[in-house]
1. Wholly within the stretch 1-100, which strands (runs of 3 or more DSSP E) include no fewer than the required count, namely at least 1 residues that are within 15 Å of Ala361 (Cβ to Cβ)?
2. What is the one condition in (1) open to solvent by 10 Å² or more (accessible area, probe 1.4 Å); (2) free of Cβ contacts under 8 Å to residues at least 60 places away in the same chain that Ser49 does not satisfy?
3. Any idea which of Asn286, Asn238 is open to solvent by 30 Å² or more (accessible area, probe 1.4 Å) and either more than 25 Å from the chain's Cα centre (by Cα) or not small (Gly, Ala, Ser) (or both)?
4. From the list Ala398, Ala409, exactly one residue is within 12 Å of the ligand (Cβ to nearest atom) and within 25 Å of Asp145 (Cα to Cα). Which is it?
5. Going through Ala124, Ala129, Ala85, Ala73 one at a time, which residue ends up being small (Gly, Ala, Ser), touching a residue at least 12 places away in the same chain (Cβ under 8 Å) and closer than 30 Å to Pro203 by Cβ?
6. Need the failing condition index for Glu373 against (1) more than 8 Å from the ligand (Cβ to nearest atom); (2) out of contact with any Leu (no Cβ under 8 Å at 6 or more places or on another chain); (3) assigned to a loop (DSSP other than H, G, I, E, B); (4) touching a residue at least 40 places away in the same chain (Cβ under 8 Å), just the number.
7. Kindly indicate the residue of the stretch 212-235 that is within 16 Å of the ligand (Cβ to nearest atom) and in a loop (DSSP other than H, G, I, E, B) and also most open to solvent (accessible area, probe 1.4 Å) among those meeting that condition.
8. If you take the residues of the stretch 54-80 that are over 16 Å from Ala351 (Cβ atoms) and open to solvent by 40 Å² or more (accessible area, probe 1.4 Å), which of them is nearest to the ligand (Cβ to nearest atom)?
Amino acid sequence: MDTAIDSNNELKTRFPLTPQSTLGALVAIVRNPLDALPPSIFTEPLVFSKTAGEIKVYLADPALIHEALVKNADSLGKGDQVRRALGPALGQGLLTADGAHWKWQRQSVAGAFRHDKLLGLQPAMIAVAERTRDRWLENGQGTLDVGHEMMRTTFDIIVDTMMSGGHGIDVGKVETGISDFLRPTGWAFALGLVHAPEWLPYPGRSKAKAAVTFLRSSLQSVIEERRKSPDDRCDLVNMLLSASDLETDRTMTDAEIVDNLMTFITAGHETTALGLAWTFDLLSRNPDVERKVLSEIDKVTQGRPVTADDVSKLVYTRQVFSEAMRLYPPAPIITRTALEDFRLGEYLIPAGTVLIVPIYAVHHHASLWQDAEIFDPDRFTPEAAKARHRYAYMPFGAGPRVCIGNAFAVMEAVAILAVLLQKVRLAAIEPQTPKPVMKVTLRPDKTIRMKLVLR
Ligand code: HEM
């Protein structure tokens, strides 16, 4: 162990490094960043490794995660790698900005996510889920691509609820555009790791660039349309148009509004859709759990259409979604860069260090979860949740940068599950669950095709 105690402040300033080959890490990051995690982070609280000459700190201990992301939030920024991979599409929107620019954007949109506001959106969420259900019922028994179906459903929800319909945005094209943009992000992360020049070409880069141009120009037209015919709707578009920075009094430029619409559309539908796709796969492989969910939905709805009031009563259904996000957290890794020296446990972490919180490893960690690979929604009964450290489970992150859409996501997921499972079941076709691959979000390595069975 290569450690030393700093005589001035009693904090260790040298770290026990786990060897990691830079080339191996780069190859893994391009293919699947989950494979680049040091294996010991699934059993240890904290791992230090050095790649490309730089120290990286991996955190899996909930108390250390709390210390970093909550207590020391002001000492951490999103960092160069995130900016490099996501900046071309999301600019300096809420997810990618730091400091004062982040803060005023967060304050400007917080009102859209207040509990009372979200309750008002439930009927729209249910209506979109009903459209998906009716489309499925019309097509009858057959097979479907559950990932695509969920993307379409959650996309319609985000556009209907946050952009009041979005005025003719082409869902199919946007979905392809987002996939084209996300596919080569591993390259952007890997090249950022070795500080390669930003102009360097890599596979998929020009397709990603074209996708970003298409996506941003579609959203620019939404803004132009709204400026031409203003209205008093209280949706995200109008909130962004009227936002003003309390300190400088300035309003957002069109480019900044596009940054945020891009952020909300991508962060706000892909993640929930993936969580739902994994949920359907898990239900089909766990018939006892599936039976319990179906019976809860039947009991709460009594055979009538799902209503907004039902959603909060579907307690077990929510537990199922939570457990699916434990096994397959849609945002599996978050990273930060230290903006200044700060204390982490017994260490002094110097400015510039990259911190990695591998949510995926935390959720599968041997010392935090018994039989971690087993799907068991009873881990999320209120009693079981209370007995665990708050940050042993963190699909939505932690601290001031916690997902602003977390309650929105859970509400829509439960509503979608209830509306669909009231009428149909999905049965697995493939013998095994696909492998999870990280492309910023946690995607299946192959299409999840499932068989529609009418109930
Ligand atoms: C199951 C669904 C979702 C998951 C798992 C998820 C996960 C996350 C995570 C882990 C973060 C923190 C990233 C970090 O700390 O670096 C985050 C941030 C964010 N999420 Fe979500 N999210 C989901 C749904 C949504 C929805 C529905 C919306 C919008 C309607 C949304 C909008 C955002 C935004 C704007 C941020 C940045 C917040 C900030 O930095 O202030 N997300 N999300």
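The values are calculated or read from the model by the stated rules, or taken from the named source; none is laboratory data. Predicted model only: the values in this text are computed from it and were never measured. Virtual Cβ from ideal backbone geometry, glycine too; neighbours counted across all protein chains shown. Please note that ligands, DNA and RNA were not included when accessible areas were found on the heavy atoms of the full protein model with its side chains. Shrake-Rupley method; radii C 1.70, N 1.55, O 1.52, S 1.80 Å.
1. Working: elements: 12-14, 46-51, 54-59.
In the stretch 1-100, 46-51, 54-59 are the strands (runs of 3 or more DSSP E) which contain 1 or more residues that are within 15 Å of Ala361 (Cβ to Cβ).
2. Single failed check for Ser49: (1).
3. Numbers: Asn238 fails: open to solvent by 30 Å² or more (accessible area, probe 1.4 Å).
Being open to solvent by 30 Å² or more (accessible area, probe 1.4 Å) and either more than 25 Å from the chain's Cα centre (by Cα) or not small (Gly, Ala, Ser) (or both) holds for just one of Asn286, Asn238, which is Asn286.
4. Working: Ala398 fails: within 25 Å of Asp145 (Cα to Cα).
Of the residues listed, the single one that is within 12 Å of the ligand (Cβ to nearest atom) and within 25 Å of Asp145 (Cα to Cα) is Ala409.
5. On the way: Ala124 fails: closer than 30 Å to Pro203 by Cβ; Ala129 fails: closer than 30 Å to Pro203 by Cβ; Ala73 fails: closer than 30 Å to Pro203 by Cβ.
Of Ala124, Ala129, Ala85, Ala73, the one residue that is small (Gly, Ala, Ser), touching a residue at least 12 places away in the same chain (Cβ under 8 Å) and closer than 30 Å to Pro203 by Cβ is Ala85.
6. Evaluating Glu373 over (1) more than 8 Å from the ligand (Cβ to nearest atom); (2) out of contact with any Leu (no Cβ under 8 Å at 6 or more places or on another chain); (3) assigned to a loop (DSSP other than H, G, I, E, B); (4) touching a residue at least 40 places away in the same chain (Cβ under 8 Å) leaves (2) as the failure.
7. Cys234
8. Among those residues, the one meeting the criterion is Val70.
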